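The values are calculated or read from the model by the stated rules, or taken from the named source; none is laboratory data. Everything numeric here is computed off the predicted structure, so don't read it as measured data. Ideal geometry is used to build each Cβ from the backbone, glycine not excepted, and the neighbour counts take in all protein chains shown. Just the protein is used for accessible areas: all its heavy atoms, side chains included, with ligands, DNA and RNA removed. Shrake-Rupley method; radii C 1.70, N 1.55, O 1.52, S 1.80 Å.
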Amino acid sequence: MTLTRLSRPPAAAPATRLSAAVAALVGLLSTMAGVATGHLVGGLISPQASPFLAVGASAIDLTPLWLKDFAVRTFGTYDKVVLLSGMAVVLGLFGVVAGLASRRSRAPGLVLIVLLGALASVAVGSRPTAGALDVLAPLVASLVGLGTFVVLHRLARLGEQPAGDLLAGASRRALLVGSAVVTAGAGLAAAGGQLLTGRAGVEASRRAVGRIVPTVAAPPIPPGADFAADGSPSFITPNRDFYRVDVNLTLPQLRAEDWRLRVHGMVDRELTLNWADLTARPLLARPVTMTCVSNEVGGPYISTAMFTGVSLADILAEAGVRPGADQVFTTSVDGWTCGSPTAVLTDPARHAMLVIGMNGEPLPIEHGFPVRMIVPGLYGFVSGTKWITDLELTTFDAQRAYWVRRGWGQRAPIKTMSRIDSPGAFGRVGPDTPITGVAWAQTRGIEKVEVRLDHGEWRPAELSTEVNVDAWRMFRLRGRWEPGNHVVEVRATDKTGYTQSADRAAPIPDGASGWHSVQFTVL
Ligand SMILES: Nc1nc2c(c(=O)[nH]1)N[C@H]1C(S)=C(S)[C@@H](COP(=O)(O)O)O[C@H]1N2
Ligand SMILES: [Mo]
């Protein structure tokens with residue numbers, strides 16, 4: 001080793017180009033550092049300030065309907081994980097491109113990072129409930145991204161001096177260490193952001209609420225309410241298994257003590273209710289089966305819980321609904337909106353509720369803690385507002401809700417439907433396995449369920465004990481099936497005498513229809 005190299009004249013030519021691999025790494029790490037820091041700062045301000053989540057949320061709102069449909073159908077409840085992973089991959093590629101564009105000069109990379117920061121700022125600023133501070137997160141993210149890029153790019157350039165150059169060797173080591181530090185820092189920042197955008201304060205509030213006890217207990221669920229032992233769903237769906245559908249990447253963080261509901265619009269008296277006002281009222285309990293309009297024939301988006309809450313008809317009577325107000329337009333704390341027919345909500349016999357309890361517990365956060373709306377007989381998108389904070393009496397002509405603006409129906413009563421749960425699709429079963437499943441016709445009630453094998457005669461199935469007309473009913477057909485392949489179909493008849501028709505309809509605009517069928521093999 002010799003020291004003469006150190007006194008190499010400054011005129012020595014700097015490396016003209018970074019190698020492609022090093023350039024790509026510099027771009028990738030800088031983008032990661034920016035995105036992760038933005039997520040952390042967003043976590044400190046409010047979850048929706050995270051540029052990563054804001055871009056994702058905007059993507060959800062802008063996604064064309066067919067793609068959203070496809071995503072829900074293909075990935076189910078993992079659709080959001082898939083979206084965020086896809087975004088991470090796109091961001092990574094963006095970073096690689098920014099790096100590769102900057103092999104000779106850092107200018108193209110800087111411009112691309114500024115553009116990305118601008119896009120993130122627009123996404124954050126255009127969230128329906130954006131606060132003034134929120135834009136700090138994309139701003140800090142851009143600065144960190146730019147700063148990291150400048151430093152790593154410089155180290156990389158110095159590192160590309162001819163082999164043996166001491167300064168170059170030191171720079172290469174510095175680049176290596178710098179890369180490791182940036183990777184670790186970005187990982188920590190992202191994890192910190194994830195914790196902060198999570199659910200700390202609101203979990204404590206939920207625990208403090210404790211068990212929810214109705215003023216008058218509902219009759220116990222009769223033991224004959226399901227055929228779970230033979231493969232039907234259990235009558236009550238445990239909270240952790242209850243289907244979940246919403247447009248949220250992060251859950252709203254609304255503590256019970258901060259909750260307010262404003263009742264206004266075409267009313268005689270405006271009301272504002274807080275948690276104490278609400279829970280001082282009589283608490284009703286009712287088992288209700290909720291269904292999502294996106295549920296395909298045979299799909300999983302249906303569940304039943306014992307809901308506890310306050311009568312909406314009472315609250316609306318107190319406010320005094322003015323004539324002509326045919327729509328109750330509700331908004332959740334994050335800006336999602338929903339329109340329901342006033343006539344349904346003001347009819348005490350329909351049991352529309354402001355719900356605070358689900359199967360005895362406070363509402364789980366993902367199901368709307370602290371307060372949501374439930375209206376038996378209407379699909380969730382026109383009745384089930386979670387994290388509800390605003391209720392306005394208006395008209396269907398004056399206001400269009402979130403999904404209505406995206407092509408779904410304005411009025412959407414739940415259709416009479418049925419689903420086979422056992423045997424499962426392509427199941428291999430013994431010859432006397434009962435055929436079981438579930439039928440629903442909320443508000444009308446199920447009168448009859450028929451099952452047929454291999455397109456033969458329809459046979460009436462046994463029905464479970466009816467709990468109420470707003471909840472599902474299980475069916476069971478016992479028999480001895482021949483060995484070999486079979487197809488089984490089901491159709492339900494409700495108490496108005498309507499029998500499900502075979503005509504298939506897609507979920508959009510107002511719910512799927514058609515018979516569910518399952519192929520199975522008897523061994
Ligand atoms: N705030 C809010 N409420 C919402 C939604 C939403 O996206 N945001 N989705 C609705 C839809 S489409 C359905 S089907 C029900 C589902 O309620 P769950 O997730 O508790 O099953 O919530 C409704 N309430
Ligand atoms: Mo839904």
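Of note:
- Selection from region 403-433 of residues that are in a loop (DSSP other than H, G, I, E, B), surrounded by fewer than 19 Cβ atoms within 10 Å (Cβ to Cβ) and of a type outside the set (A, V, I, L, M): ARG405, ARG406, GLY407, GLY409, GLN410, ARG411, GLY424, PHE426, GLY430, PRO431, ASP432
- Of the set (1) away from ligand 2 (no atom under 13 Å from the Cβ); (2) outside the structural domain of GLU450 (by TED's automatic domain parsing); (3) part of a loop (DSSP other than H, G, I, E, B); (4) over 18 Å from PRO287 (Cβ atoms), all apply to ALA343 but (3).
- In the set (1) open to solvent by 20 Å² or more (accessible area, probe 1.4 Å); (2) part of a strand (DSSP E or B); (3) away from ligand 1 (no atom under 11 Å from the Cβ); (4) not assigned by TED's automatic domain parsing to the domain that holds VAL518, ARG400 fails one condition alone, (2).
- Subset of region 259-289 (residues that are without any contact (Cβ under 8 Å) to a residue 12 or more places away in the chain and of a type in the set (Asp, Glu)): ASP277
- Verdict on VAL355 being at pLDDT 95 or above, among the hydrophobic types (A, V, I, L, M, F, W, C) and surrounded by 23 or more Cβ atoms within 10 Å (Cβ to Cβ): yes
- In region 379-396, residue nearest to ligand 1 (Cβ to nearest atom) [restricted to those that are in a strand (DSSP E or B) and over 19 Å from the mean Cα position of the chain (by Cα)]: ASP390
- Here is the figure for region 310-342: residues that are within 14 Å of ligand 1 (Cβ to nearest atom), in contact with a strand residue (DSSP E or B) (Cβ under 8 Å, 6 or more places away or on another chain) and over 18 Å from THR272 (Cβ atoms) total 4.
- MET290 meets all of the listed conditions (1) open to solvent by 10 Å² or more (accessible area, probe 1.4 Å); (2) more than 14 Å from ligand 1 (Cβ to nearest atom); (3) part of a strand (DSSP E or B) but one, namely (2).
- On the stretch given as region 346-378, residues that are closer than 17 Å to VAL469 by Cα and part of a loop (DSSP other than H, G, I, E, B) total 6.
- Exactly one residue out of ASN248, ASN295 is surrounded by fewer than 21 Cβ atoms within 10 Å (Cβ to Cβ), within 21 Å of the chain's Cα centre (by Cα), within 16 Å of ligand 2 (Cβ to nearest atom) and in the same structural domain as TRP387 (by TED's automatic domain parsing): that is ASN248.
- Scanning region 343-358 for residues that are within 16 Å of ligand 1 (Cβ to nearest atom) and small (Gly, Ala, Ser) turns up ALA352, GLY357.
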